[in-house]
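Beneath this line is the structure, given in structure tokens, with notes to follow.
What follows is calculated from the coordinates using simple rules that are stated; it is not laboratory data. Here the structure is a predicted model, which is why all the values come from computation and not from measurement. Heads up, the Cβs are rebuilt from the backbone with ideal geometry, glycines too, and the neighbour counts pull from every protein chain shown.
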């Protein structure tokens, strides 16, 4: 089943994540590429999110990833924006720059164009970073652009829920 941002399941996951963060005294930041702010929107749709949510970085362009999050230009060139290496640096950079306790980052190819044989449409990487670890998940999603982005939001929120 595919959920769109603002759907009850995404709202529930976002509220759960915020509640978990608040209970533990954590702050949260997002660094988004392929989701273009949808995770930040899902979180800030919940009343009281300002007690937890500190920053939302929409770093769609590689230059923004470098300038705002400290992603390595060399790694972007070598591995590409849609890679485990880059999403890890995005999550860790969002945590570092914002001062948040935990962060989530996304990068991927939502389509309908932009895919290759090596990196097809639907390839998405999600990372969550805490002071102790950074976890990365590679996803191979199906659907149109909106569905891939919505599924990414759901996976990102679920990863946060599991980390907290």
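For this structure, a couple of remarks:
- The antiparallel fraction among DSSP beta bridges confined to the chain stands at about 55%.
- Estimated at 0.36 nm per residue, the fully extended path between residue 162 and residue 51 surpasses their Cα-Cα distance by 37.9 nm.
- Mean Cβ count within 10 Å, highest first, over the residues of peptides 110-123, 24-37: 24-37, 110-123
- On full extension, the segment bounded by residue 118 and residue 138 gains 5.8 nm, given 0.36 nm per residue less the C-alpha separation.
- Relative contact order (percent, whole number), the chain, Cα cutoff 8 Å, 6+ residue spacing: 26
- If a spin label sat at a point 7 angstrom from the Cα of residue 63 along the line to its beta carbon, the backbone N atoms of region 71-113 nearer than 15 Å would be those of 73.
- Gaussian network model of the chain, springs between alpha carbon atoms under 10 Å - residue of 134, 107, 152 with greatest fluctuation: 134
- 222 nm mean residue ellipticity, helices alone, for the chain (DSSP H n ≥ 4; -39,500 (n - 2.57); rounded to 500): -14000 deg cm²/dmol
- Taking each residue as 0.36 nm, the span from residue 23 to residue 146 lengthens on full extension beyond its C-alpha to C-alpha distance by 41.0 nm.
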